[in-house]
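Just so it is clear, none of the values below were taken in a lab; they were calculated from the coordinates. This one's a predicted model, so the numbers in the text were calculated from it and none came from an experiment. Ideal geometry is used to build each Cβ from the backbone, glycine not excepted, and the neighbour counts take in all protein chains shown.
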Amino acid sequence: MRKPFFTSAISAAALLLTSCGGGGGSNDFGGTPSPSPAPTPAPTPPPTGTGGAFTAPAQRSLTVTDVQTIIAQAVGEAQARNLPSVIAVVDRVGNVLAVFDMNGSNNGSSEITISNRQIGGLAGPSETIGLQGQKVPAAAAAIAKAVTGAYLSSGGNAFSSRTASQIAQEHFPPAPTTAGLESGPLFGVQFSQLPCSDLSQRFNASGGAGSLIGPKRSPLGLAADPGGFPLYKDGVVVGGIGVMGDGDYAFDPNILDIEVNDEEAVALAGIQGFAPPASITANRISVDGTSLRFSDMLVSDLSPLQSNFAAINNSVGKLLAVTGYTSGSIIAGTAYGTEASGIRASSPSEFANRDAFVLTDGSGTNRYPIRGGTDAAAVTTPLTATEVRAILEEAFLIFSRARAQIRQPLDSRMQATVSVVDTHGQILGIVRTPDGPIFGTDVSLQKARTAAFFSNTVAGQQLLATPTFPPFANVPGYVQRVRNFLGDANALTGTVAFADRSGGNLSRPYFPDGEIGRPPGPLSVEQSARFSPFAVGLQLDLVFPNIVTHVGFVRSGGATPDTGQRCTQLPPIPGTGGQVRLANGIQIFPGSVPIFRGDKLIGGIGVSGDGIDQDDMASFLGLHNAGERVGGIGNAPKSIRADNVVVNLGNANVRLRYVNCPFAPFLDTNKQNVCEGL
């Protein structure tokens, strides 16, 4: 048994007090710093967006030698623990730099099981709900864990797949004694970065120019199974490591104990010399008074480090080719912020704010330049490019003024991504702060599309026309569940404006959120006790066929087709060449609102990256301020917002929520209740 949690926490605090700052400094989770690499050449075009309210992270990347060292260290610990494992390393934008398959492991092409664990205990072998019990390649799980560590982290926060587990479950913090508390702040984030996403880039087996463009997709979305950590150099996040060795792709349902987790120990060994600064690990960040968790394993738990890659390659195991992700060699990572990484500083002609970063195609072209709406066939007066620019600029201004929720040091500025879409879900512009977590790029787009979709007159009609995949997915069934639950035969026909917080209320396994004994929300699983992070309801059902198709593609080595670069089975929009409104799935935690012109829906805005209340505020207040600036656009009329909807539960009436803005959120004023009355 490990020592009790509080004793361990005190010991950890003592070690932190004596640790060194800076990238990879010695701490409970890290080792000695790695040497600084030679300066990376300036990106093309030059980083003209730096020098304002934010400081862009230094351009650092993993070398081939770095990747070899990381793998060798992890393999050494896996040998010491007799846990043959599959080990994946990625860079910050998700490029798979290597996958190493140890002899006797589950083998990267063999199958491991997605956990059957549920609220009510372990499901039986016949359980078929969601992804539970599904078989997936071990390499896919290892890559998902590595992507999770890289994508959730930044220069101000270092999160692991254990952190993801803590913040994505039905109660926060997850534990047997916390039943009755609301769900995790990032409930549903596991179904982002999906393999079908139209935003995420894909592995280019031919290599060459543009092959390292990110952000890349993840085979299983984000992982809640411990064993995934971020990698740092000089305090800059440069990638992630993921370890799959025990055959069970799971999550941690009890935050109150300290696990002896061999996969996490193997991954922890891998990050020695590449660990985050002690000051930014998840255990130094709290949400609603609860400290987050980074690792249950400590450096003192590890065996002596082994770092000789030549001694293990082709003897202890071998490098593995994974269809859709790596050709089976080790490659160097790309430096985030360079043109080659796919995310760089904007030019003045792209975005006026000096701090903005954009997604790029590797040859200098912004992938999502600001433009007007494409939905003139459905909207009398679509969004104009001028209006979209105003919305993005005003939301970005909120970022630069707002106090961050999940970043160190305290009183840092908010860092996030903002996306704007039209009613077809077409991207009209995406901008981000220099050091926003990468996961927020895809999630902000999910949020914008979700708000626009569920506020649309065609939402119910489109869901009803979506194919079923029994016994795993029945999208049409959710429409009647919503109408019955709300007591409204016209629900999902555009009569109510839904923010992501509103739809999230309806997606929780208990309604109101967290209250045991209450019914599940109509967009959740039909029985609360059958919920797990791998079986959530509509969010998964919309993309279940895409995930299963992609897993088959990876498993077969490409013998079966991959999922298209378009999520969901929604019917395509007529006259658009096959476009669908939810082309990277939906999201069910807060941070978006629909955009209106008077009482007409014309689009959606989504924000993600730095706390759900901050995300709500930046979308809601940014849109309001844009309307004040250019006129004609704004938030939904108060009379149709979802917070007018009251659900009768028989012995209680519960009102849906629309947005929740933080108190006194700005660094430049003490003003409170900044969204009140708008």
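Odds and ends about this structure:
- Principal-axis tilt of helix 138-151 within the chain, Cα atoms, nearest 10 degrees: 70 degrees
- Once divided by 2.2 N^0.38 Å, the Cα radius of gyration of segment 366-456 becomes 1.16.
- DSSP assigns beta bridges within segment 220-320; of those with both partners inside it, close to 90 percent run antiparallel.
- Sites residue 670 and residue 290 - FRET efficiency at Förster radius 25 Å, r taken between beta-carbons, to 0.05: 0.45
- P(r) for segment 503-546, from all Cα pairs and a bin width of 10 Å, is 34, 54, 11, 1 %, short bins first.
- Cα convex hull, segment 182-239: 141 Å³ per residue, rounded to a whole number.
- Debye log10 I(q)/I(0) for segment 601-664, one point scatterer per Cα, at q = 0.25 Å⁻¹: -1.13
- Three semi-axes of the equivalent ellipsoid, segment 212-262, Cα gyration tensor, whole Å, largest first: 24, 16, 10
- Crossing angle, helix 612-630 versus the chain [Cα axis fit, 0-90 degrees, rounded to tens]: 50 degrees
- Counting only DSSP beta bridges whose two residues both lie in the chain, roughly 90 percent are antiparallel.
- When peptides 535-547, 254-266, 133-145 are ranked by their average number of other Cβ atoms within 10 Å per residue, the highest-first order is 133-145, 535-547, 254-266.
- In degrees, nearest ten, helix 5-17 long axis to first principal axis of the chain (Cα): 80 degrees
- Percentage relative contact order, the chain, counting C-alpha pairs under 8 Å, at least six apart: 17 percent
- Value of Rg to Rh for segment 305-403, rounded to two decimals, is 1.22; Kirkwood radius and Rg both from alpha-carbon coordinates.
- All lysines inside 24 Å of residue 638 as judged from Cα atoms, apart from same-chain residues fewer than 8 positions distant: 447, 600, 671
- Per-residue ellipticity at 222 nm computed for the chain from its helices equals -7000 deg cm²/dmol, with DSSP H segments shorter than 4 residues left out and the rest contributing -39,500 (n - 2.57).
- With a simple spin-label model that places each label point 7 Å from the Cα along the Cα-to-Cβ direction, the separation between residue 347 and residue 600 comes to 3.5 nm.
- Semi-axis lengths (Å, descending) of the ellipsoid that matches the C-alpha gyration tensor of segment 537-588: 22, 15, 7
- The listed peptides 214-224, 575-585, 290-300, ordered by packing as a protection proxy, come out as 214-224, 290-300, 575-585 (highest mean of other Cβ atoms within 10 Å first).
- The charge dipole of the chain, taken about the Cα centre with unit charges on the Cβ atoms of Lys, Arg (+1) and Asp, Glu (-1), comes to about 800 debye, rounded to the nearest 20.
- Once backbone amide H atoms are built at 1.01 Å from N, residue 428 has 420, 421, 422 as its partners under 5 Å, excluding neighbours fewer than 5 places away on the same chain.
- Local electrostatic count at residue 503 - Lys and Arg +1, Asp and Glu -1, tallied over other residues with Cβ under 12 Å: +4
- At 1.002 mPa s and 20 °C, Stokes D of segment 485-613 from Kirkwood alpha-carbon radius, µm² per second: 127 µm²/s
- Relative contact order (%) - segment 548-674, alpha-carbon pairs under 8 angstrom, separation at least six: 16 percent
- Inter-centroid distance (Cα atoms) of segment 336-359 relative to segment 575-610, Å: 23 Å
- Which of 521, 313, 129, positive extreme of dipole for the chain (C-beta unit charges): 521
- Highest mean packing comes first when the peptides 649-655, 502-508, 480-486 are listed by Cβ atoms within 10 Å, giving 502-508, 480-486, 649-655.
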